[in-house]
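Take a look at the structure set out below.
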Protein chains: 2
Amino acid sequence: MDTRQRTDQQRSADQRRRELLEAADRVVLRDGPGASMNAIAAEAGITKPILYRHFGDKGGLYAALAKRHTDALLDSLRAALDAPAARRERVEATLDTYLAAIEARPQVYRFLMHPAEGGAPSDQGFDTGRHSIPLLRRMGEELAEVIEERVDLGPDSRRLARVWGHGIVGMMHAAGDWWLGEQPCARAELVHSLADLLWGRLAVAGDRAGGPGF
Amino acid sequence: MDTRQRTDQQRSADQRRRELLEAADRVVLRDGPGASMNAIAAEAGITKPILYRHFGDKGGLYAALAKRHTDALLDSLRAALDAPAARRERVEATLDTYLAAIEARPQVYRFLMHPAEGGAPSDQGFDTGRHSIPLLRRMGEELAEVIEERVDLGPDSRRLARVWGHGIVGMMHAAGDWWLGEQPCARAELVHSLADLLWGRLAVAGDRAGGPGF
DNA sequence: GACTGCAGTTACCGCAAGTAACATGCTAGC
DNA sequence: GCTAGCATGTTACTTGCGGTAACTGCAGTC
């Protein structure tokens with residue numbers, strides 16, 4: 001029964017890991033990303049070394065935490081991206097999905113993107129920052145694949161698709177971040193404005209009347 | 001001679017501050033953003049408390065450091081943005097200026113944007129992250145102003161210009177970050193691809209032949 | 001019943017941020 | 001000239017965190 005026992009142990013270890021991650025999640029979402037390992041361990045009802053046995057170091061824990069949320073977000077984005085609809089509708093749906101996600105759970109978003117804000121004024125000791133980029137990169141790569149697969153970009157399509165994938169994701173991210181900071185308009189308006197930008201409205205807009213030079 | 005003395009002292013204090021910033025610059029660019037206050041003080045030939053008297057805390061020092069570089073970058077961007085040329089040329093010139101800057105001094109760029117990477121594997125004790133966003137935000141706001149001032153966007157132009165400003169800056173940033181990581185093409189190609197995206201090529205591209213349903 | 005392996009603990013190290021209290025030199029007023 | 005004040009600098013400390021070593025108790029195994 002060696003294998004059977006192994007699987008039992010494995011299962012309980014995974015279960016424990018999940019519990020620890022949930023505890024970490026609670027603390028991080030409450031105290032911000034500056035949460036200490038001690039605090040997380042306390043929330044989980046155990047002590048530090050166990051966390052280290054499970055996750056190696058703080059970066060490992062945060063990476064695991066980030067991966068959970070990142071995977072979840074990417075799943076919803078994929079769903080929006082795969083919906084059977086015209087291109088512009090799909091783009092708008094994807095933008096809206098992303099923005100709805102960050103609007104619904106800004107704490108999670110801030111953890112994923114800006115690992116160094118919440119918490120004490122003299123916070124220290126988070127070593128994330130390695131995690132915000134992975135999310136952006138992954139989104140960029142996935143979008144690039146979708147673009148290359150669906151849009152006819154002529155020769156050099158691979159490179160072009162990747163540039164656009166990362167560029168569009170960055171646009172969405174930065175606009176979303178700004179929008180989340182100072183809710184200047186409804187989500188739908190933002191979605192529309194961004195889609196307009198992607199649809200080339202900048203190119204066809206006229207010059208302003210009293211513009212300097214023209 | 002009270003005022004005269006005051007100004008003398010003031011001048012020397014400012015000078016000292018500049019020297020300290022240059023020393024900090026050297027250390028941060030050499031050791032990454034995980035550089036300790038002790039190391040910076042040593043490089044400047046003094047000890048920690050003086051740094052704290054000048055900058056308050058580590059965040060203050062890093063903010064001052066970031067402001068220097070941010071201001072410099074914004075100056076060059078403004079120059080490119082103000083050049084007398086057609087809109088597309090200006091856009092390309094601005095993109096190129098930004099990308100040339102991050103290509104020329106990736107260390108500075110990484111400090112401004114990803115304050116948590118270089119340095120020891122178990123780095124700790126940087127509390128920036130408060131600085132990357134300011135740069136993006138400032139660029140976004142400035143671009144928004146330029147857009148609103150020069151482009152005729154009809155009613156609601158203020159909101160639209162800000163959305164676009166932040167969105168375009170984010171696009172530039174994310175694409176630049178990815179491009180810097182894995183130099184996949186020449187700078188000029190990237191500039192062209194991004195400008196094409198902004199010029200609506202995504203909207204007019206056809207669907208790919210064997211696409212799944214689309 | 002001794003043996004192995006795993007969850008868990010306490011107690012510690014190292015290191016960096018930040019601070020208090022002490023030393024030193026310069027200018028100013030008497 | 002001599003002391004008062006102030007800026008500049010120092011040493012030596014506290015606090016708090018990440019990370020680890022070494023010990024403890026407890027399942028199941030031969």
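The values are calculated or read from the model by the stated rules, or taken from the named source; none is laboratory data. Every value quoted in this text rests on a predicted model; they were computed, and no experiment measured them. In this analysis, Cβ positions are derived from the backbone assuming ideal geometry, glycine residues included, and neighbour counts consider all displayed protein chains. Keep in mind that these areas ignore ligands, DNA and RNA; they rest on the heavy atoms of the full protein, side chains included. Shrake-Rupley method; radii C 1.70, N 1.55, O 1.52, S 1.80 Å.
Scoring residue A:159 on the criteria (1) surrounded by fewer than 20 Cβ atoms within 10 Å (Cβ to Cβ); (2) modelled with pLDDT under 95 leaves a single failure, condition (2). Consider region A:68-81 and keep the residues that are surrounded by fewer than 17 Cβ atoms within 10 Å (Cβ to Cβ) and in contact (Cβ under 8 Å) with a residue 12 or more places away in the chain. The one that is farthest from DNA strand D (Cβ to nearest atom) is A:79.
The listed residues are B:41, B:24, B:35, B:64, and the only one of them that is without any contact (Cβ under 8 Å) to a residue 12 or more places away in the chain, within 14 Å of DNA strand C (Cβ to nearest atom) and open to solvent by less than 20 Å² (accessible area, probe 1.4 Å) turns out to be B:41. Of (1) in a loop (DSSP other than H, G, I, E, B); (2) within 16 Å of DNA strand C (Cβ to nearest atom), residue A:50 satisfies all except one. Which? Only one criterion is unmet by residue A:50, namely (1).
Do the conditions hold for residue A:46, that is, is it modelled with pLDDT of 90 or more and either over 27 Å from the mean Cα position of the chain (by Cα) or open to solvent by 90 Å² or more (accessible area, probe 1.4 Å) (or both)? Yes, satisfied. Look at (1) in contact with a Phe, Trp or Tyr (Cβ under 7 Å, 6 or more places away or on another chain); (2) at pLDDT 90 or above and you find that residue A:83 fails only one, number (1). Is one or more of the residues making up region B:56-67 more than 14 Å from DNA strand D (Cβ to nearest atom), closer than 30 Å to residue A:204 by Cα and under 20 Å from the mean Cα position of the chain (by Cα)? Looking for residues that are more than 14 Å from DNA strand D (Cβ to nearest atom), closer than 30 Å to residue A:204 by Cα and under 20 Å from the mean Cα position of the chain (by Cα), one finds none in region B:56-67, hence no.
The residues listed here are B:23, B:35; of these, the one that is touching a helix residue (DSSP H, G or I) at 6+ places or on another chain (Cβ under 9 Å) and in a loop (DSSP other than H, G, I, E, B) is B:35. When region B:156-214 is filtered for residues that are at the interface with chain A (Cβ under 7 Å from one of its Cβ atoms), under 17 Å from residue B:103 (Cα atoms) and in a loop (DSSP other than H, G, I, E, B), the ones remaining, listed by number, are B:184, B:185.
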